[in-house]
Amino acid sequence: MQTTSHILMIRPVQFGFNAQTAVNNAFQQVNNETGVQEKAQQEFDRFVALLRGHGVDVTVIDDTPQPHTPDSIFPNNWISFHHDGSVILYPMFAENRRLERKPHIIGKIAEQFRIGRTTDLSDFEAKNLYLEGTGSMVLDRTHKVAYACLSPRTHPEVLKAFADATGYETVEFHAADAQGVAIYHTNVLMCIGDDYAVICLDAIPSKEERKYVEEKLKGSRKTVIAITLDQMNHFAGNMLQVQSLRGRKLLVMSTQAFSSLTPGQITELSSFNPIVHAPLDVIEKNGGGSARCMMAEIHLPGKG
């Protein structure tokens with residue numbers, strides 16, 4: 001199943017602009033804003049309330065002050081959870097992001113869900129090779145296909161290790177913004193729902209790769225909904241389809257992303273599922289990630 005009603009979110013305690021990630025994350029904006037942690041925490045709490053209000057089961061775990069992990073609000077980069085009970089840990093580019101792999105988080109998840117095999121890919125960090133979870137990959141879980149734009153944070157050798165561990169097919173391509181800068185994470189340019197895919201095809205410079213990705217999506221019976229480079233820059237690709245505990249599908253995004261969509265795109269997306277959105281401006285500006293990055297889907301079997 002592509003979607004889940006169970007989501008892990010990490011409540012920040014020291015959120016802020018991370019210089020270690022800014023070297024290859026063009027979505028971060030250098031600024032002198034004050035009170036960033038408090039504002040981000042307010043945005044986080046409102047976002048959680050929105051999801052819970054729509055019947056999504058959100059497991060919120062507070063981050064710890066030490067070690068300092070300014071990007072802990074984006075847990076989907078270092079861990080993923082799968083239907084067969086497996087958990088995968090990923091190699092992270094920024095040294096201070098590697099500290100996000102905190103045992104108490106996995107322990108908390110294990111209280112409610114059954115965890116079987118754990119595959120730890122973090123040893124690749126010693127070789128300076130990275131794969132940042134469902135940031136680096138956008139997973140078609142139904143068809144077991146992992147879409148990945150290669151970048152300093154997404155290396156084909158680690159992708160192969162992921163594929164070997166999970167049985168996923170990988171679709172690798174290159175993507176860049178309007179300035180020709182490599183897109184740091186695949187999940188800022190595309191989202192896969194059960195029956196559709198939102199993607200910035202204009203971000204794939206190679207006509208051959210663009211055709212390859214589009215045909216692969218259509219071959220999986222996805223309706224392809226294209227967004228522009230400008231919309232991608234407003235996080236319109238950083239969406240996630242989830243479902244309520246009653247099975248109602250929802251497409252979740254930030255208010256900035258929603259506001260960038262055309263009426264036609266909104267109508268088309270709403271024909272598949274309702275859209276819900278929350279303002280995440282402070283998190284987006286300082287963290288360079290948006291709604292999808294904040295949600296780690298829990299596809300593990302439950303206990304009891």
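The values are calculated or read from the model by the stated rules, or taken from the named source; none is laboratory data. Note that the coordinates shown come from a computational prediction; the quantities given were computed from them, not determined experimentally. When we count neighbours, we look across all protein chains shown, and the Cβ atoms used for this are built from the backbone with ideal geometry, even at glycine.
Brief remarks on what is shown
- Pairing each residue of region 188-214 that is at positive phi and among the aromatic types (F, W, Y) with any residue that is surrounded by 21 or more Cβ atoms within 10 Å (Cβ to Cβ) and modelled with pLDDT under 95, provided the two are 6+ apart or on different chains, yields no C-beta distance under 9 Å.
- Scanning region 41-74 for residues that are more than 18 Å from the chain's Cα centre (by Cα) and more than 14 Å from H277 (Cα to Cα) returns Q41, Q42, G55, D62, D63, T64, P65, Q66, P67, H68.
Yes or no, residue by residue, for (1) in contact with an Asp or Glu (Cβ under 9 Å, 6 or more places away or on another chain); (2) under 28 Å from E38 (Cβ atoms); (3) crowded, with 22+ Cβ neighbours inside 10 Å:
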residue: P65; (1), (2), (3): no, yes, no
residue: H68; (1), (2), (3): no, yes, no
residue: Y90; (1), (2), (3): yes, no, yes
residue: N96; (1), (2), (3): yes, yes, no
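- Answer residue from region 129-182, given it is over 18 Å from the mean Cα position of the chain (by Cα) and of a type in the set (V, I, T) and is surrounded by the most Cβ atoms within 10 Å (Cβ to Cβ) among those: T166
- Verdict on I225 being surrounded by 23 or more Cβ atoms within 10 Å (Cβ to Cβ), at pLDDT 95 or above and under 20 Å from the mean Cα position of the chain (by Cα): no
- Any hit, region 128-135, residues being modelled with pLDDT of 95 or more and over 24 Å from I73 (Cβ atoms): yes
- Of the numbered criteria (1) among the β-branched types (V, I, T); (2) closer than 30 Å to G35 by Cβ; (3) modelled with pLDDT of 95 or more; (4) crowded, with 17+ Cβ neighbours inside 10 Å, the one V60 fails is (4).
- Residues of region 252-264 satisfying the condition of being over 20 Å from G288 (Cα atoms) and either hydrophobic (A, V, I, L, M, F, W, C) or surrounded by 17 or more Cβ atoms within 10 Å (Cβ to Cβ) (or both): none
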